[in-house]
Amino acid sequence: MSRLAFLIIAVLLALVAAGAVLIGLFPPEPRQAPVERVLPAERFGTR
């Protein structure tokens, strides 16, 4: 039973390592977001 558990843990660790290598080789594209400018508060004040 312990051999089976060790084999399952080894396979899971290998999958995690392979996923980390693939993400490192092919990183996801950054999302482009528009820049929002902050307006100064005095433009909305009363005169």
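Annotations
- Relative to the dominant Cα principal axis of the chain, helix 2-25 is inclined by about 40°.
- Cα-Cα P(r), the chain, percent of pairs per 5 Å interval: 4, 15, 8, 10, 9, 7, 7, 6, 6, 6, 6, 5, 4, 3, 2, 1, 0
Every number in this text was worked out from the coordinates using simple rules, so none of it is lab data. Note that the coordinates shown come from a computational prediction; the quantities given were computed from them, not determined experimentally.
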